[in-house]
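Trainee: Questions regarding the structure given below will be posed in turn.
Bear in mind that the values in this text are calculations on the coordinates, not laboratory data. In this text the structure is predicted, and so the values were computed from the model without any measurement. Quick reminder, even Gly has a Cβ in these numbers, built from the backbone with ideal geometry, and neighbours come from all protein chains shown.
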Amino acid sequence: MHWPMNESAIRNLIRSASAGLATVTEAPQLEAELLLAHCLNKPRSYLYTWPERVPDTNQCQRFQQQVQARQQGWPVAYLLGEREFMGLRLQVTPATLIPRPETELLVEQALLHLPVQAPARVLELGTGSGAIALAMAHVRPDLQITATDISGDALNMAQHNARQLGISTVNFLASDWFSALPAGMPFALIVANPPYIAAADPHLEQGDLRFEPQMALVSGADGLDAIRTIVQQAGRYLTPGGWLLFEHGFDQGPACCKLLQQAGYQAVDCLRDMAGLDRISLGQHFPLRQALQSAG
């Protein structure tokens, strides 16, 4: 896509880019505005205030490159280098998943399952950009949160986001799920948005998923390998009465509840997102009851 200089006023740039993006997104004008505002290092309101202004050549070229990358399927969040999550502006790269609105339900439910008036220890597994841990810490600065990830690049990004947000109450740890956690460190709540897509799922070849880290998306033939590991091991790291909550695919609710029940969790439930789809499974850990059930 090329814009002659006489068509390079902000208004015309947006119009041309919107037309070019119409085949790849349901919100072509919004995305064109976001990309142009990013290239100009201005808020979107600037575009409406100065529609006749002509960006300089470098800015126009950068915008052209951004639009072309979006036409090739690159996610807007990666092109902008950021995504908003629960009111927090988080930087993201292709080393991290893009935080999604449905995951906000996981944060909300995690907070609801913690004591309100007392500090508590929380573990997040697979933190990625840090979205879940940082959102929880922002709402509850009294929480002691440990956030793990096996990816060094993801941990670097999460730590960067924590610094940018001025949040110092999250401890980031390189760990393959529970492997690097010190012994005798029980948590009141464990929360995770693990990989849960089946290896052969055709959605992996569509949309944003094509560009996101596969290790954060794919989990075995049925998508449940990571969830099985978490459910089987989490009890060793939960206090009596502690909660395990995790996100999963829309068609995995029954299987996830069964895994929790087989592991002896109580109050097992599956919660639906705003679209009415199964999204989060949870259970409460009582080691004595679980031991008695296993013995019986």
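Trainee: How big is the range 168-267 on each of its three principal axes, counting only the C-alpha atoms and giving the largest first in Å?
Mentor: Projected onto its principal axes, the Cα set of the range 168-267 covers 42, 34, 20 Å.
Trainee: FRET efficiency for Asp153 and Gln117, Cβ-Cβ distance as r, R0 = 45 Å, nearest 0.05?
Mentor: In this case the efficiency is close to 0.75.
Trainee: Right, here's the next one. List the residues whose amide H sits under 5 Å from the amide H of Glu82, counting only those 5 or more places along or on another chain, with H placed 1.01 Å from N in the peptide plane.
Mentor: So Glu82 has HN proximity to Val92.
Trainee: Obtain the nm distance between the two label points defined at Val54 and Ala200 by a simple spin-label model: each point lies 7 Å from its Cα along the Cα-to-C-beta direction.
Mentor: 5.8 nm
Trainee: Sorted by average packing, counted as other Cβ atoms within 10 angstrom per residue and highest first, what order do 101-111, 41-51 take?
Mentor: Top to bottom by mean Cβ count within 10 Å: 101-111, 41-51.
Trainee: Another question about this same structure. Sequence-distant or interchain residues sharing an amide H contact under 5 Å with Leu238, placed H: which?
Mentor: Phe187
Trainee: Neighbour counts of other C-beta atoms within 10 Å: give me Trp243, Trp74 arranged from fewest to most.
Mentor: Values: Trp243 24, Trp74 17.
By the 10 Å Cβ count, ascending: Trp74, Trp243.
Trainee: To continue, here is another question. Roughly how tilted is helix 253-262, in degrees to the nearest 10 and between 0 and 90, from the longest Cα axis of the chain?
Mentor: Approximately 30 degrees, to the nearest 10.
Trainee: Let me ask something else. Which peptide among 225-235, 56-66 comes first, and what is the full order, when sorted by highest mean count of other Cβ atoms within 10 Å? Please report the intermediate quantities before stating the final value.
Mentor: Details: 225-235: 19.0, 56-66: 16.0.
Averaged packing, sorted descending, gives the order 225-235, 56-66.
Trainee: Please work out the FRET efficiency for the pair Met274 and Ala180, using the Cβ-Cβ distance as r and a Förster radius of 35 Å; give the result to the nearest 0.05. Please list the in-between numbers first.
Mentor: Values: r = 35 Å, r/R0 = 1.00.
Efficiency at R0 = 35 Å is approximately 0.50.
Trainee: I would also like to ask the following. Once you have the Cα-Cα distance between Thr169 and Asp142, take 0.36 nm times their residue separation minus that, and quote the gain in nm to one decimal. Before the final figure, lay out each step's value.
Mentor: On the way: separation 27, 0.36 × 27 = 9.72 nm, distance 0.79 nm.
Between Thr169 and Asp142, full extension yields 8.9 nm more.
Trainee: How large is the helix-only mean residue ellipticity at 222 nm for the chain, computed as the sum of -39500 (n - 2.57) over DSSP H runs with n ≥ 4, divided by its residue count, in deg cm²/dmol to the nearest 500? Don't jump to the answer; show the numbers that get you there.
Mentor: Working: 11 runs with 112 residues, N = 296.
-11000 deg cm²/dmol, from helical runs alone.
Trainee: Please turn the phi angles of the range 214-225 into ³J(HN,Hα) values with the Karplus equation 6.51 cos²θ - 1.76 cosθ + 1.60 (θ = phi - 60°), one per residue in order, whole Hz, x for glycine and proline.
Mentor: 4, 5, 8, 10, 9, 8, x, 5, 10, x, 10, 4
Trainee: Averaging sequence separations of C-alpha pairs under 8 Å and six or more residues apart, then dividing by the length of the chain, give the relative contact order as a whole percent. Can you show the working numbers first?
Mentor: Numbers: 511 pairs, mean separation 37.6, N = 296.
Relative contact order comes out at 13 percent.
Trainee: HN-Hα J couplings of the range 58-63 from phi, Karplus 6.51/-1.76/1.60, θ = phi - 60°, integer Hz, Gly and Pro as x?
Mentor: For the range 58-63, the Karplus-derived couplings read 5, 5, 5, 5, 5, 4 Hz, x marking Gly and Pro.
Trainee: A follow-up question, please. Mind checking the dipole of the range 5-72: about its Cα centre, +1 per Lys or Arg Cβ, -1 per Asp or Glu Cβ, Debye to the nearest 20?
Mentor: Numbers: 7 positive and 6 negative charges, 22 e Å.
Magnitude of the dipole: close to 100 debye.
Trainee: What angle, in degrees between 0 and 90 and rounded to the nearest 10, separates the Cα long axis of helix 152-165 from the longest principal axis of the Cα atoms of the chain?
Mentor: 80 degrees
Trainee: More than 31 angstrom separation, counting every C-alpha pair in the chain; what % is that?
Mentor: Numbers: 15809 of 43660 pairs.
Percentage above 31 Å: 36.
Trainee: For Thr229 and Gln61 in one chain, what is 0.36 nm times their gap in residues minus the Cα-Cα distance, to one decimal in nm? Walk me through the numbers on the way to the answer.
Mentor: Values: separation 168, 0.36 × 168 = 60.48 nm, distance 4.77 nm.
The Thr229-Gln61 span can extend by a further 55.7 nm.
Trainee: Let me ask another. Pop out the ³J(HN,Hα) list for the range 265-280 in order, Karplus 6.51 cos²θ - 1.76 cosθ + 1.60 with θ = phi - 60°, rounded to Hz; leave Gly and Pro as x.
Mentor: My calculation for the range 265-280 gives 5, 9, 6, 5, 8, 10, 10, 9, 7, 5, 8, x, 9, 4, 9, 9 Hz in order.
Trainee: Hey, can you rank 204-214, 122-132, 27-37, 252-262 by average C-beta count inside 10 Å, highest first?
Mentor: Taking the mean over residues of other Cβ atoms within 10 Å, the ranking is 122-132, 27-37, 252-262, 204-214.
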